[in-house]
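S.K.: Could you have a look at this structure, given as structure tokens, before my questions?
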Amino acid sequence: MSISMKHINDMDREQFIQALAGIFEHSPWVADQSWPVGPFASRQALHDAMMRTVRMAPFEKVAELFKAHPDLATRLKVSEMSTAEQQGAGLDRLTQGEYEQFAALNRQYAERFGFPFIMAVKGHSKEEILDAMHRRVRRCSQEEWEQALMEIGRITGFRLLDLIHEDEEEAP
């Protein structure tokens with residue numbers, strides 16, 4: 001389903017939150033706190049406002065957002081958007097050995113940084129994702145915090161692109 005920017009801008013706060021609640025993983029507070037900034041000139045302006053909301057949030061709130069993300073290649077139930085993104089990268093078709101590698105790196109990463117490994121997997125292969133996990137688990141905490149924010153920006157940008165079309169475009 002695709003929504004126009006005009007429709008987004010015409011929504012009341014509750015409709016806005018409901019429509020955009022899933023963009024930031026299990027964190028409808030981002031949509032709620034971004035709504036007053038509207039109307040938005042474009043999908044990019046909306047995304048920028050939402051990312052500003054995250055960047056201005058207290059440390060603890062951002063940490064909760066990070067922790068709301070699922071482990072990559074998990075066999076647990078995850079959000080519909082996360083499922084589709086991980087399937088696109090082949091993370092639903094791992095061998096037992098690959099699954100064990102991902103699980104071990106997910107544990108190591110979470111123990112080191114206190115939140116799950118976050119990566120916008122769209123357009124990446126499972127091998128590229130595994131390589132990124134190996135590299136990033138060795139980084140310092142500040143680098144990984146910034147990387148996680150950047151990855152969330154990519155993930156949410158893709159999600160908004162899938163959900164919202166600019167008004168001058170034809171809806172699919």
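S.K.: Would you mind checking which residues have amide H under 5 Å from Ile164's amide H? H placed 1.01 Å from N; only 5 or more apart, or other chain.
M.R.: Ile3
S.K.: Moving on. Have a look at the range 1-60 and give its Rg and Dmax from the Cα atoms, expressed in angstrom.
M.R.: Values for the range 1-60 (Cα only, Rg and Dmax): 10.9, 34 Å.
S.K.: Can you give me the distance in nm between label points at Lys67 and Leu161, each placed 7 Å from the Cα along the Cα-to-Cβ direction?
M.R.: 3.1
S.K.: How big is the equivalent ellipsoid of the range 3-165 along its three axes, where each semi-axis is √(5λ) from the Cα gyration tensor, reported in whole Å from largest to smallest?
M.R.: 29, 17, 12
S.K.: What nm distance separates the two modelled labels at Leu149 and Asn9, each placed 7 Å from Cα along Cα→Cβ?
M.R.: Between Leu149 and Asn9, the label points sit 2.9 nm apart.
S.K.: Could you give the length gained by full extension between Glu128 and Gln44, i.e. 0.36 nm per residue of separation minus their alpha carbon distance, to one decimal place?
M.R.: Gain in length upon complete extension: 27.5 nm.
S.K.: Another question about this same structure. Looking at the P(r) of the range 25-76, how many percent of alpha-carbon pairs lie beyond 16 Å?
M.R.: When every Cα pair of the range 25-76 is considered, 46 percent fall beyond 16 Å.
Readers should treat all values here as calculations from the given coordinates under stated rules, not as data from a laboratory. Bear in mind the structure is a predicted one, so any value in this text is a computation, not a measurement. Cβ sites come from the backbone with ideal geometry, for glycine too, and all protein chains shown count toward neighbours.
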